[in-house]
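Student: Shown below is the structure under consideration.
What follows is calculated from the coordinates using simple rules that are stated; it is not laboratory data. Fair warning: this is a prediction, and the values are worked out from it, not measured in the lab. For neighbour counting, all protein chains shown are included, and Cβ atoms are generated from backbone atoms with ideal geometry for every residue, glycine included.
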Amino acid sequence: MIFLSLALIVFESTIASKWTGMGDGVYVDDKHNGRKVDTRTREEMDDDEETELIARHLDSSKILESIQMTCSEISQNRLKKKSSHRMNLRKTIKSSNTSIDKKKADDGTEIQMVSMKQRRNVVVYLNALAMKLSRHRQSHHHNHNRTTQNDGNDNVNVNPDEIYLICQEAAFKTLIAFQSIDIDTDIDGDANTDDSISSKNMNMDAIYSAAIALLALTAKNPSVQHRSISNPDVYGIQIVIDIMVHSLKRAKADANSNSNDNSNNNNNKNRSGEKKNYERVEKESIAAELQRKACLYLGAISDGNSAMAHAIGVGSESGSKKSSMGGLEAILQSMLWFRYHGEVINWALWALFILCYDESGTEDDKTSTKSSGKNGEHGNGDNMNVGKTNQNLLVRMDGIDKICTVMRNILHDLQKDNDDDSGDCNADDNDLRKAAATRSARMAQKENAKEVSRHGLSLLFDILRQRQNFENIPTYMRNKYDNDAELDAMHIRRIALNAGLHDVLKHAMVECSDVSDIMMMGQQMLICTGYKGDVPCFDGKMVPFSK
């Protein structure tokens, strides 16, 4: 019996060793006494299947080691590629032989193929860590003593914060490694074709999205927040903000190149054109998903943490990583560019509300901001209200007009779909299935529009309230946005009226007339800003029916 147990332990360790990312081994499932055998290689498996296997048979520290080794290989390939680029450049200057150019192209293609494989591995590893962390949170939520059965998660006796710190380290190592490659590619201009640029951008955004999604799962952990503040060069939020900005620039450049291609090839409607259109839509969806997850991460890590909210709002002035843009500006630019993506707008407005929520008048907030200033966490300690500081900065960034613009676009699309929604009773089964899918999509769109309206109106309601006029915007941010205007309540309300506040409020109240909080905030804002027309009325149930 002892010999059999030892044999099973050796067998399970052999299985796990094959999924460290160092080889293309096969997986043998021991759940049915070894009878079920999967002889597929990693290339033959789906990403979800491979993620499930890695999350089940490897602990988080082993996955982190695999990510570190992959990032190290990527860095070596990066140095090799840059060295090869310099050598070929010198040879090209000395000689005009065409074989040198061919060798240069072959070398670049070979390195790129290896990089594509490594990119896929990194995404699978990050998703496996996210899966393990989700299971850890569920098991820890149901049983605080952590006496769960062995379901592939980490050891139950480890520090509960350890897996959060491991996930944070893995995500930031990935972001830093691929960010350096992204910047080098833009500087060197290695990719010469539109297809290679499109593929690179899509893969980069997918990697960034997986890493930021993992960070969002760890954002509420106190140890993770403390390490982000104490070690900003390695785990700082400015790294995520810079990736947001860089990805948005590439998305804008891709959109401009696509518009030029469409203008030059209006009459070329073939399969290649349809393929490019599909790739364009997919690439835009991946870029929008990156921005959505980044907004979710910035809002989650700053929720209840005034020091982090201040650092995200105004950017970082200290450390080796100087901030080219603060988090507020990055969120506003992302929200305005993807203004027809409802999920991006929803989480961007939620993040802005978390960053700009005004807690003035509460002693707890004053005490917390004073203590944060003593600890050196971006506070100055003099009754500084972080939410009000970010609000004033948001107003100076023309944030009210941008909020009204994106809300108007989302609500206009919802109204247009409702007007076009007409059922056909004499349709066949195929048409009925399509109609059912369309109705389901429109219901999801309506629910998302309600969330957009709720977050947008909550943010506007908080900004337009009567408040004391005190600003703590740093000098380096004032030089960029200060227009010498006193931001009292009346001035901010005039800005909102010029941005079309009344039309946005009425539109949101008409489309969401059954949501009580939207109707109450909208009615108060209409009345307090001097609206003279008919105020929409609540059309729902204040008390839900009991089952």
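Student: At 0.36 nm per residue, minus the direct Cα-Cα distance, what do Thr438 and Ser516 gain on full extension? Give it in nm, one decimal, please.
Tutor: In short, 25.4 nm is gained.
Student: Moving to a separate point now. Assuming R0 = 35 Å, what is the FRET efficiency of Arg137 and Lys532, from their Cβ-Cβ distance, to the nearest 0.05?
Tutor: With R0 = 35 Å, the Cβ-Cβ based efficiency is 0.10.
Student: Here's a follow-up. State the extension gain, in nm to one decimal, for the chain segment bounded by Val234 and Gln76, taking 0.36 nm per residue of separation less the distance between their alpha-carbons.
Tutor: 54.9 nm
Student: Any idea how far apart His491 and His226 come out in nm if each label point goes 7 Å out from Cα toward Cβ?
Tutor: Result: 4.1 nm between the two label points.
Student: Here's another thing I want to ask about it. Based on the mean of other beta carbon atoms within 10 Å per residue, what is the order of 123-133, 282-292, most packed first?
Tutor: Highest mean packing first, the order is 123-133, 282-292.
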